[in-house]
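**Q** Let me begin by handing over the structure; questions about it come next.
The values are calculated or read from the model by the stated rules, or taken from the named source; none is laboratory data. Every value quoted in this text rests on a predicted model; they were computed, and no experiment measured them. Cβ placement follows ideal geometry from the backbone for every residue including glycine, while neighbour counts extend to all protein chains displayed.
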Amino acid sequence: MSETGETGLSAHAREVIDQWIAKYPPDRKRSAVLAALREVQHENGGYLTTGLMDAVAGYLDIPAIAVYEVASFYSMLETQPVGRNSVSVCTNISCMLRGADSVVDYIKKKLGIKTGESTPDGRIYLKLEEECLAACCGAPMMMVNHKYYENLTPEKIDEILDNLD
Ligand code: FES
């Protein structure tokens, strides 16, 4: 993040947050909290710090606890440092019936980490298993940095993960 100024947020983050604030009535700035956290997390390499959450709270003029609650509730928000590429394997019913457990096991073995951990080189974060991501007809599937990959096979997984920066 750069040019944080006294708000603790970058000029770009403030611009993005302002666009979201404008979508809601003036007394409902807090409705922009999720979008604000998503943007700030993106700028900070994939996770939120207490300082950044406090900055969002200050900017939206809401209590810090209200921001912490949102940050700890939604699975797309991280409050600890994680690898720069986020991998989430869906293990809900359709994916489970089509081999999601094997997908998770394959990735864990390939990367040498458990779910909820990042590779030591900081390249890949294997998130805790994910609930239905609404791509059941492509089961088993996973999301990598917000992009969906479906009908996974070991060969496809290798290609996807090996090509991450
Ligand atoms: S169960 Fe995996 S996308 Fe729906």
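**Q** Suppose we keep only residues that are within 16 Å of the ligand (Cβ to nearest atom) and assigned to a loop (DSSP other than H, G, I, E, B) within the range 138-149. Which one would you say is nearest to Glu78 (Cα to Cα)? Even if it seems obvious, please write down each step before you answer.
**A** So the first thing to find is which residues in the range 138-149 are within 16 Å of the ligand (Cβ to nearest atom), and the list is 138-144, 146-149.
Right, trim to assigned to a loop (DSSP other than H, G, I, E, B) and you get 139-141, 146.
Values: Ala139: 25, Pro140: 24, Met141: 21, His146: 14 Å.
This residue is His146.
**Q** Still on this structure, I have one more. Which pairs have Cβ atoms under 6 Å, sit 6 or more apart or on different chains, and link a residue in the range 83-112 that is over 20 Å from Leu133 (Cα atoms) to one that is of a type in the set (Val, Ile, Thr) and near the ligand (Cβ under 10 Å from one of its atoms)?
**A** Taking only residues 6 or more apart or on different chains, not a single pair turns up.
**Q** Might you let me know whether the range 145-160 holds any residue that is at pLDDT below 95 and not charged (D, E, K, R)?
**A** So far as the range 145-160 goes, yes, one or more of its residues are at pLDDT below 95 and not charged (D, E, K, R).
**Q** I've got another one for you. Pull up the range 109-135, narrow it to residues that are within 18 Å of Glu150 (Cβ to Cβ) and surrounded by fewer than 17 Cβ atoms within 10 Å (Cβ to Cβ), then point me to the one that is nearest to the ligand (Cβ to nearest atom).
**A** Of everything passing the filter in the range 109-135, Cys132 is nearest to the ligand (Cβ to nearest atom).
**Q** Within the range 90-132, which residues are of a type in the set (A, V, I, L, M, F, W, C), touching a strand residue (DSSP E or B) at 6+ places or on another chain (Cβ under 8 Å) and over 30 Å from Gly51 (Cα atoms)?
**A** Cys90, Cys95, Ala100, Val103, Val104, Ile107, Leu111, Cys132
**Q** Sticking with this structure for a sec: All but one of (1) within 25 Å of Tyr47 (Cα to Cα); (2) crowded, with 18+ Cβ neighbours inside 10 Å; (3) of a type outside the set (Gly, Ala, Ser); (4) within 11 Å of the ligand (Cβ to nearest atom) hold for Leu152; which doesn't?
**A** Going through (1) within 25 Å of Tyr47 (Cα to Cα); (2) crowded, with 18+ Cβ neighbours inside 10 Å; (3) of a type outside the set (Gly, Ala, Ser); (4) within 11 Å of the ligand (Cβ to nearest atom) one by one, Leu152 breaks only (1).
**Q** Starting from the range 139-165, take each residue that is in contact (Cβ under 8 Å) with a residue 12 or more places away in the chain and list its partners that are assigned to a strand (DSSP E or B) and acidic (Asp, Glu), counting only C-beta distances under 9 angstrom and pairs at least six apart or across chains.
**A** Met142/Glu130; Met143/Glu130
**Q** Could you check Thr79 against (1) crowded, with 18+ Cβ neighbours inside 10 Å; (2) out of contact with any strand residue (DSSP E or B) (no Cβ under 7 Å at 6 or more places or on another chain); (3) under 30 Å from Val103 (Cβ atoms) and say which number it fails?
**A** (1) is the only condition that Thr79 fails.
**Q** Filter the range 87-108 down to the residues that are polar (S, T, N, Q) and either more than 10 Å from Pro140 (Cα to Cα) or away from the ligand (no atom under 12 Å from the Cβ) (or both) and list them by number. Even if it seems obvious, please write down each step before you answer.
**A** Step one: filter the range 87-108 for residues polar (S, T, N, Q), giving 88, 91-92, 94, 102.
The answer is Ser88, Ser102.
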